[in-house]
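The values are calculated or read from the model by the stated rules, or taken from the named source; none is laboratory data. Here the structure is a predicted model, which is why all the values come from computation and not from measurement. Here Cβ is always computed from backbone atoms with ideal geometry, including for glycine, and neighbour counts include all displayed protein chains.
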Amino acid sequence: MRIILFGPPGSGKGTQGDLLEKKYGFPKISTGNLLRRAVRDGTPLGRRAAALMNRGQLVSDEIVDSLVAERIAQPDCRRGYLLDGYPRTMGQVESLEAMDGGRPELLVEIDIDLETLTARMESRLTCRECGAVYNLELRRPREEGRCDVCGGALYRRPDDTPEVIARRLRVYREETERVREHYRAKGVYRRVDGAGPVAAVFSRLTEILDRELGKTEAGQALP
Ligand code: AMP
């Protein structure tokens, strides 16, 4: 199954995606993480993307589509995968359908109010190596400044500042929200409440996924 984790920046897609990957074995594909890695490694693609990312604007469809196409062609994606932060435009929706149409799919929105997500992003720390996400209030690392998963150094993303957060939220409303309407019209849209502790949101998500995966394994098409 192709599972799209949907929601505004700061809604917890990255954190929940990591937990879902562990539980179900579907690899999580985060276009934000793939882009940050390219920026860190100084690749030509990373150099093209960096300025846009730091301003909170979207990178071109062409760049992100090619990153996703390359990733989903890997053997570990044969059973399915989880997308985090993609598709974000209708152009990306079309590309995804051209790359891998016909696979059962589901879009789950993590719904959260503006105030909570702004506060979360402002206190977020990200691992430079593996992209794991921490939060000084909700999810502190065991050792200050170090990632629990890989030991990498934690940093504040340059786009997690108040001005850039505001821009990213505007881009989300103007460009990305229509993606949800597309999947809603297809009948594969589900929503969870993103408020509360990480474990509570995770259990809401697994309830939906267990039900939908049960249906596809039993050979029933999604509605
Ligand atoms: P994220 O980690 O998902 O918040 O993404 C961080 C930044 O990477 C975004 O603000 C965009 O500049 C860029 N980005 C990530 N995913 C996409 C995408 N699907 N399309 C365009 N830009 C993206």
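Does at least one position in the stretch 46-69 carry a residue that is out of contact with any Leu (no Cβ under 9 Å at 6 or more places or on another chain), more than 9 Å from the ligand (Cβ to nearest atom) and polar (S, T, N, Q)?
Within the stretch 46-69, none of the residues are out of contact with any Leu (no Cβ under 9 Å at 6 or more places or on another chain), more than 9 Å from the ligand (Cβ to nearest atom) and polar (S, T, N, Q).
Filter the stretch 1-45 for residues that are small (Gly, Ala, Ser) and away from the ligand (no atom under 15 Å from the Cβ); which is nearest to Tyr86 (Cα to Cα)?
That would be Gly25.
Mind checking whether some residue in the stretch 113-120 is under 17 Å from the mean Cα position of the chain (by Cα) and aliphatic (A, V, I, L, M)?
Checked the stretch 113-120: at least one residue is under 17 Å from the mean Cα position of the chain (by Cα) and aliphatic (A, V, I, L, M).
Among all residue pairs at least 6 apart or on different chains, which show Cβ distances below 8 Å where the first residue, located in the stretch 134-148, is at pLDDT 90 or above and the second is loosely packed, with under 10 Cβ neighbours inside 10 Å?
From residues that are at pLDDT 90 or above, the pairs are Asp148/Arg142.
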